[in-house]
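The values are calculated or read from the model by the stated rules, or taken from the named source; none is laboratory data. All of these numbers come straight from a predicted model, not from anything done at the bench. Every residue, glycine as well, gets a Cβ built from its backbone with ideal geometry; the counts of neighbours run over all protein chains shown. Quick note on the areas: whole protein, heavy atoms, side chains included, nothing else; ligands and nucleic acids left out. Shrake-Rupley method; radii C 1.70, N 1.55, O 1.52, S 1.80 Å.
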Amino acid sequence: MLLRIRDDLQNILRILRGLKRVSACPKRVDIPCVFCLECERSKYDEIVYEDGLLKITANSVLLNLKLDVGEAELDKALLLELAKAFSSRLSFVMEKPEEGYQFSFFFFHTDKDAIPLFERFIDDVLPQIGGILTQGRINVRNWARSVVQKFFS
Amino acid sequence: MARKGRRRRKVEYTKNDFEKDLVSRIKSDFLKKFQVLDERYTVDRGRLLKAAIEPILDTLSLDFDRRELRRAIAMPAVIIYRKMQPHPRPVCFIFAEFHFKKALLTNANNASCLLKKLFPGAYAAYVALDRNPEGIRKKEFKNLDILVCGSGFEECWIKLHEFLSQNVFSSE
């Protein structure tokens, strides 16, 4: 039985707090191992969740979140816009999530300040995502109706 | 006389070295050993594949997602081709990684699914140099013909050598 990301949040936060700079990188630059994986120093590991995937390396982490939104194209588009909007304010939210996921969170060892914001996102936004999407759908429907109303007025 | 004040940096074995080792062993154990194989096959790290696919990208059916295809082309570490005109035809895609983990295997499986659609009959092999591999079942990855995992290069090479000699180069 797989855990959900929210249920394992404390473990994820512990991993994020434990990220460290990789010394003696063969490329001799401080780049995120999670995108490189060129050597064994990356210490790559994964945790599969019911609603996502956590990719762990020594200096960086990538958390992919899968939301159950069904097959509606509008919901998918709304989620994409939501991810874009969050990424403009939160540096750890990736503008384009990894394929098959709705949100991708990237943490480098220098991003320790972002951990409380991430915790807030998981605690506050995630449980309300259904309501947020409904609000978005209502707004789009109202916009469409207003266009039609303007046409007939 | 030994030079003072000069420390020798420990050379790290990277994925790049792993890929180069695979190419050189395929050349030395197959292509250079048997002339008939050398005449019919060639091996590289993906340069010829890009050259072969780029011109046909615009003529492919719309079933192929161009973005996914570009990503898939970049994934195999080593490719064995059958020499043909005007372009060589890939016969085996080898994915080389340092980790034997589910997400990486899934990516390789998806890439080989696309590549096998483009080149039917081609084989796909996943080779990992991992000391602590994850317990993964082969049947989850139907597009990968063999999953090889070992703690050292030689251990991986023995298994891959057997696969290549029994499948890819068996007809010669």
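Odds and ends about this structure:
- Choice from B:61, B:151, B:112 showing the highest fluctuation, given a GNM over chain B with Cα pairs closer than 10 Å: B:61
- Most mobile listed residue (A:37, A:82, A:62) in chain A, GNM with C-alpha springs under 10 Å: A:37
- Annotation for the stretch A:2-99: GluC sites (Glu not before Pro) lying in DSSP loop with at most 16 further Cβ atoms inside 10 Å of their Cβ are A:50, A:71, A:95, A:99.
- When the surface is traced with a 1.4 Å probe over the full set of protein chains, residue A:6 keeps roughly 120 Å² accessible.
- Annotation: the antiparallel percentage among DSSP beta bridges lying fully within the stretch B:89-162 is about 0.
- Interface size A-B, as summed buried accessible area [1.4 Å probe, Å², nearest 100]: 1500
- The angle between the Cα long axis of helix B:102-118 and the main principal axis of chain B comes to about 40°, on a 0 to 90 degree scale.
- Between the helical axis of A:73-89 and the longest alpha-carbon principal axis of chain A there is an angle of about 50 degrees.
- The accessible-area loss of the stretch B:8-45 on complex formation, taken against its chain alone with a 1.4 Å probe, reaches 20 Å² or more at B:9, B:12, B:14, B:15.
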